[in-house]
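Below: the structure, in structure tokens.
The values are calculated or read from the model by the stated rules, or taken from the named source; none is laboratory data. All figures in this text were calculated on a predicted structure; none of them were measured in a lab. FYI the Cβ positions are ideal-geometry reconstructions off the backbone, even for glycines, and counts take in every protein chain you see. For accessibility, only protein heavy atoms count, side chains too; no ligands or nucleic acids. Shrake-Rupley method; radii C 1.70, N 1.55, O 1.52, S 1.80 Å.
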Amino acid sequence: MLGYILRRVAIMIPTLFVISIMTFIIIQLPPGDFLTSYAASLRAQGEVIDEDEMEVMRERYGLNQPIYVQYAKWIWGIMTRGDWGQSMSLQVPVKDLIWQRMALSMVLSVVSLIVGWFIAIPLGVYSATHQYSLVDYIVTFISFMGIGTPSFLLGLVVMYVAMNYMGLTVGGLFSSQYIMAPWSWDKVIDLAKHIWIPIAILAFNGTAGGLRTTRANLLDELNKPYVETARSKGLKEGRVIWKYPVRVALNPFFSTVGWELANLIGGATLLSIVLNLQTEGPMLLNALTAQDMYLAGSFLFLLSAITVVGTLVSDILLAWVDPRIRMT
Amino acid sequence: MRPENSVAAPYLLEIKNLKKHFPIEKGFIISRVIGHVKAVDDVSFFIRPGETLGLVGESGCGKTTTGRLIMRAYDSTSGEIWFDDCRMGRVNVAGLEKKQLRQIRMNMQLIFQDPYSSLNPRMTLLQIVGEPLLVNGVARGSELQDRVAELLRVVGLRPEYMVRYPHAFSGGQRQRIGVARALALHPQLVVCDEPVSALDVSVQAQTLNLLQDLQKDFNLTYLFISHDLSVVEHISDRVVVMYVGKLVEHARTEELFYNPKHPYTEALLSAVPKPDPRLRTAPIVLQGDVADPAHPPSGCYFHPRCRFCIERCKMEAPQLREIAPEHYVSCHRADELTLAGVTKLAATAPAP
Amino acid sequence: MTNQPKIPVDEEAKIEEKIAVATPATMMWWKFRKHKAAVISTVFLVFMYLLAIFCEFVSPSVPDATSARYMSAPPSTIRLVDVEGKWHAPFVYLTEMSRDPVTRRAIYTENTEVRYPIKLFSTGPAYKFWGLWETDIHLFGLGVADEEQRVMLLGADRVGRDMLTMTVYGARISLSIGLIGVALSLGMGIVIGGISGFYGGAIDNFIQRVIEFIRSIPHIPLWMALSAALPLEWPVLKVYFAISMILSLTGWTSMARTVRGRFLAMREEDFILSARLTGSSEGRIILVHMVPSFLSYIIAILTLAVPYMILSETSLSFIGLGLRAPAVSWGVLLAEAQNVRSIALTPWVFWPAVAVISTVLAFNFLGDGLRDAADPYAR
Amino acid sequence: MNESNPLLQIKDLKTYFFLDEGTVKAVDGADLELGTCSTLGVVGESGCGKSVAARSIMQIVAKGGRIVSGEILFHHQLCKPGTDRRLSEKEEVIDLAMLDPQGDKIRSIRGAEISMVFQEPMTSLSPVHTIGNQIGEVISLHQKLDPKQAREKAIAMLDHVGMPLPKRTIDRYPHELSGGMRQRAMIAMALSCHPSLLIADEPTTALDVTTEAQILSLMRKLQDELGMSIMFITHNLGVIAQMADRVAVMYLGKVVEAASVDTLFYKPLHPYTQALMESIPRLGAKKRRGERLASIRGSVPDPYNLPKGCPFHPRCAKRVPNVCDREEPPNLKVDQGHEVRCVLYK
């Protein structure tokens, strides 16, 4: 098992390297660079920027160097100094911007994932064991709704309902007085008061998907002979179901943690744009439109890295829970 | 049907030292071979024209792989498969090029075990049975229909069924369809891979009878692969017994069943539950499990389970040798052992 | 063959001839028919696609018909009974706009003096049908000048465009981008997955690694980055195709995996081996035996991929990275409604969202039904 | 067999499946009787209802199916734990057909008084739990033992069924064992609470012939040692001949013939039984080359539309026109312990 984990970690490192190269290429794809789009936005406001000044700035950000030099400098900075480069639009080091936002994104996604599962599993089990019952139909329909409604639309609906019927303005993760404040107990409580709405929205999506998976897998497992064996032992029906087929049907959950997390992060990105949350979403969007390449690149790289790590974790989890694929 | 060969070849099929080793691969990005499963390991036997050779053994003994190697469904690792083709003469199937192989396959056909997965559910009987005729350019159009109708009639199905799909038929009927397809090109050799194992008891007999009748009518030669010794005894002229990829005994049916020379054959015969409550003899119960073909034991593969095992059996793998005319055994002690075969039953079944 | 049959003809159980000769398609249809939600969804989707195909004709207005007279106007009330209690064919009253003296917001009132009956095949704003024929015939309308009175079933947006018209025009792009995206993914998926499954070995290994790699990048941020790279000055059509390309860039991976998986599973089937042994060529085996067997399955998977594409386009356009005005897609329309305040005051601008959700839902049900029916022989 | 001492009596059992496609009368009026410490063989082809009948006894009929009518009388021997069942004097008769399939009563019988061994030893054991976990569970459930004691009992049981290295095997997962070993584990699990009845549903069908011989001799040995009855379900007449005391032949949900094993093999009365006996190739009965087997024409009919009258009549060589296709034959007692459902013996 340990050897398996070590091997997997070993092949993860080159993967991350390739990803970092890919992200760097992707953010270099737009024609022009930060300065051209900066100049364009200035021009839109009626200001003019002169060519010499542009050249100086280009020099300072290293934008006149070949792309591989830029990449090498960036990745070297990350590996040796934890320096993710400079955000050109915000004029601060990227590392000062990303960590809190990424952490909040992770909290949002992981909590939603767990909440979603906690609802999805019992409902899915009930639905599968009561196939074609009224509850099953309702649950199935709602899960279809959950799959069909993307989180950002749901976010809009929630905002609309909150505003129209409750007179509330939904949005953000903090009350205004805490946004810039340093972390404190009160700030955490304030966060909890706000974050439940996006969590509920994301968890609804997660529940819908999880429910379908649980139900479908369990329906397959329920017909397996080992369930009959368990029943023939004289176990209570609940124990028969929960100890055996549910246990087997949950394996796919572990194997998909990685993808689920990636999906959730994607959904969370959009939702946070709609709800204007202080997570990575809005900042990534701004960075992309402004061609703030180090900021955007760092976010992209970190998001991919999370997925890669998530996949690794899910593979290890699966090897841990399923003796059939346990590796030596 | 078949032009008379000027020189009568003694064997229709002759297998010499056939081997198939499947590599066991392991590794992440670059996989490496860490061992081999010796699915078929140095097997030699022959089949004469018009006879039925039974091939028996327990699951994993390599009998199905042997059948498929003969058909060249897989390529063998080494060894020769000599087939006396009615047009091309005696050829080594193992070494044939694609084009010649196509020719040869018109004279060798396979009947499968599972009557469900072996018929394409999206084709009508006309398409299924007619496919060999069509792709080999033998018949088309209305001639194809006539031929298929005839084939269906031969296997005991109504020609009108030709427009139907396999889902309309029971397991036994499907197996008849499989037989019709195998016969379409008038093959010389038919490899029957457990053709009745998946069928109900009452349908088994119909199918066995059909195979026997067709053999007579079309002068077919069968390689009959089965794990059921009673069926093999019923249908075969000669029998080959395999154990973990190796051929352990090969003899005429009566010889093998009444006078086995290999302890494994003896145990196998003894283990078959006899359908007669008055014959409740304690079988020779073998200890342990069939050896793992990826990690076979040293010497004779059967030695850990053999009650006659001596030191030599653990060290040295026995060679196949002819201890009586046409009785081949691979056992060091074949000459000295007196083994029990099947006790002759009263020639009649219990009276109705 | 000269032999006389010696075997007695099987005395067959009475099989209903209808079932016995049912083609695979018929069997699938019988199975599909049982899935009520899928059948209803099919009808709904056919309706939506008809709207999208004939959007110029079906919509009572044209998308560029902005009008200060109808800014954020609510849906018109269709009436059958007039104020005097007399019955008429469907009609609308003249809408009059005034402004709230304090808030300066537009207030719309009905003038019950003037009735406008709704006509079928009435004249309206001129358009070019499919960009080919100039005409001014619409499916329904009032037959009067736009500035005089409009019938707006779904109200109007901020700049006074008819929401029904916008939603129907949006359907054309949103619904077709799903199909094009899926078609592109399918093409790539089948070719690459087929190569992977057919050749196996090192090629297969390499392709599998590439697929795993692509899948390890979260889709939405990747799409965001790629669509942010599209030059702003590109024309609508170019952006449209670029967006479908971006969407299928990740979509093909799952398609390729499915195709490969099926290919590998199918190669092991006895009936494939049988076909090979009877001398069928590889081409025949693939075309006659393999493709029909997984075609239905692939179609079901495709159907489930379409809504994903539609949603992705909507998401991208919504955050301003996908299509942009003047293109009309549901995402673009929603992006314009993005301001919550505008949704609260004029909830009808949310209609495109309803269209998105119901379409996606219908596709999911349809895909579910197709998947169930895909293999009528599954036992 | 000891007729005065029945363990299980099934009377006119009907178990139907109500499915979308129609009603399947899987068991349609079956009568079976099983004495203490004896073996009843139930033989029949696929779809004859033999497995469903067995599941009806345990009340574990699959979804969509239920017992429609009939009695399943189980003579529950009340004895102190650990004493020989054969010596018990008090007994309680329970109609299992009347019990709630999920109730406490039937669950206290399942696994303890009546237990079952299934056909597929691979899929009948949970792939994600160790052998010890699955055996220990049934022991601690019915015998109220703590986990440690249950584990020891499980090891002892594995040893009893001839599992090599039971102390190590107990922590193995099913996929790490061979087919024969898995079936031994299944048997250990089924017998761990010393049931008075073991239902074995094709326990050797998935096994090779040498493994089959091992399992059959193990079952015989255990029956002698533990003093239980076995209901042995199989389609293999050879296995039946070797194992059973009494045999019931089933066809399309009905018991068409029941007799002692010797009578059934030497004096079968029902045309179906006779045809079955003649249609199997017998080892050592080889006659001339190319000799044909007697066969039963046609195949088992579709369960959704069964033939009228005697269910076997369309395939029967001895059918009486206008009788067999009209009336259902009654169950006739032709001899001591020999019953047959055929109008020929009226």
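Structural descriptor for chain A: relative contact order 28 percent, calculated from alpha carbon pairs under 8 angstrom and at least 6 residues apart.
Whole-Hz Karplus values for the range B:18-24 come out as 6, 9, 9, 10, 8, x, 9 Hz, taken residue by residue from phi with 6.51 cos²θ - 1.76 cosθ + 1.60 and θ = phi - 60°; glycine and proline positions read x. Measuring heavy-atom accessible area with a 1.4 angstrom probe and counting protein chains only, the residues of the range A:253-272 that give up at least 30 Å² relative to the chain alone are A:Trp259, A:Gly266, A:Leu270. Between D:Asp95 and D:Phe74, the built amide H atoms are under 5 Å apart, and every one of these is 5 or more places off in sequence or on another chain. Cross-link pairs exceeding 30 Å between alpha carbons, from the set B:Lys63/D:Lys167; A:Lys236/B:Lys274; A:Lys236/D:Lys25: B:Lys63/D:Lys167; A:Lys236/B:Lys274. Excluding same-chain neighbours fewer than eight residues apart, the lysines reachable from A:Lys95 by a Cα-Cα span under 28 Å are A:Lys73, A:Lys187, A:Lys193. Less than 5 angstrom separates the built amide H of C:Ala156 from those of C:Ala73, C:Met163, all sequence-distant by 5 or more or on a different chain. Per-atom-type breakdown for the protein assembly as shown gives carbon and sulfur 59% of the accessible area (1.4 Å probe, protein chains only). For the protein assembly as shown, the mean residue ellipticity at 222 nm estimated from helices alone is -15000 deg cm²/dmol, where every DSSP H run of n ≥ 4 contributes -39500 (n - 2.57) and the total is divided by all residues, rounded to the nearest 500.
Solvent-accessible surface, computed for protein heavy atoms with a probe of 1.4 Å, shrinks by 30 Å² or more for the following residues of the range C:256-276 when the other protein chains are added to the isolated chain: C:Asp270, C:Phe271, C:Leu273, C:Ser274. Along chain C, counting only GluC sites (Glu not before Pro) with a DSSP assignment other than H, G, I, E or B and at most 15 other Cβ atoms inside a 10 Å radius, the longest segment between sites is C:269-379. A full extension of the chain between C:Met245 and C:Leu264 corresponds to an added length of 4.1 nm, given 0.36 nm per residue minus the alpha carbon distance.
Neighbouring Cβ atoms from other chains, within 10 Å of the Cβ of residues in B:114-127, number 5 on average. Shielding value for A:29-38 is 2, the average number of Cβ atoms from other chains within 10 Å of each residue's Cβ. Karplus-based coupling profile of the range A:228-233, in residue order and whole Hz: 4, 4, 4, 5, 6, 7, with θ = phi - 60° in 6.51 cos²θ - 1.76 cosθ + 1.60 and x standing for Gly or Pro. In the range A:206-237, the residues whose accessible area drops by at least 10 square angstrom when the other protein chains are added to the isolated chain are A:Arg212, A:Pro225, A:Tyr226, A:Glu228, A:Thr229, A:Arg231, A:Ser232, A:Lys233, A:Gly234, A:Leu235, A:Lys236, A:Glu237; the probe is 1.4 Å and only protein heavy atoms count. The amide H of A:Leu173, built 1.01 Å from its N in the peptide plane, has A:Gln278 as neighbours under 5 Å, considering only residues 5 or more places off or on other chains. Take the accessible area of D alone and of B alone, subtract that of the pair with a 1.4 Å probe, and the total buried over both chains is about 4700 Å². Taking every DSSP beta bridge with both residues inside the protein assembly as shown, roughly what % is antiparallel (nearest 5)? For the protein assembly as shown, the DSSP antiparallel bridge percentage is about 70. For the chain pair C and B, the buried solvent-accessible surface (1.4 Å probe, both sides summed) amounts to about 3900 Å². Solvent-accessible surface of the range A:2-93, averaged per residue with a 1.4 angstrom probe and all protein chains in place: 59 square angstrom.
For a paramagnetic label modelled at 7 Å from the Cα of C:Ile214 toward its Cβ, which residues of the range A:303-324 fall within the zone defined by backbone nitrogen distances under 13 Å? Backbone N within reach: none found.
Bridging of C:Lys36 to aspartates and glutamates at a Cα separation below 19 Å is possible for A:Asp136, C:Asp368, C:Asp372, C:Asp375, D:Asp20, D:Glu21, once same-chain residues fewer than 8 apart are set aside. Working from Cα pairs under 8 Å separated by at least six residues, relative contact order for the range A:2-93 is 16 percent. Rounded to the nearest 10 degrees, the angle from helix B:141-154 to the longest Cα principal axis of chain B is 40 degrees. Computed with a 1.4 Å probe on the full set of protein chains, the accessible area for C:Ile220 sits at about 40 Å². Given C:Leu304, B:Pro23, D:Pro121, which one lies farthest toward the positive end of the charge dipole of the protein assembly as shown, if we put +1 on the Cβ of every Lys and Arg and -1 on the Cβ of every Asp and Glu? The Cα lying farthest towards the positive end belongs to D:Pro121. Each label point was placed 7 Å from the Cα along the Cα-to-Cβ direction; for D:Asp12 and B:Ala317 their separation is 6.7 nm. Counting only alpha carbon atoms, the long axis of helix A:94-129 and the longest principal axis of chain A meet at about 20°.
Can you compute the FRET efficiency between C:Leu237 and A:Gln91 using 1/(1 + (r/R0)^6), with r the Cβ-Cβ distance and R0 = 41 Å? Round to the nearest 0.05.
Efficiency computed from Cβ-Cβ geometry: 0.60.
Loop-resident trypsin sites (Lys or Arg not before Pro) (DSSP state other than H, G, I, E or B) in the range A:170-241 with no more than 14 further Cβ atoms inside 10 Å of their Cβ: A:Lys236.
Each of A:Met283, D:Met98 has its accessible area taken with a 1.4 Å probe; listed largest first, they run D:Met98, A:Met283. Entry note, chain C: relative contact order of 21 percent, from Cα contacts under 8 Å with a spacing of 6+ residues. The packing ranking, built from the mean of other Cβ atoms within 10 Å per residue, places the peptides B:173-179, B:227-233 in the order B:173-179, B:227-233, highest first. For the range C:68-157, the per residue solvent-accessible surface stands at 59 Å², with DNA, RNA and ligands left out and a 1.4 Å probe.
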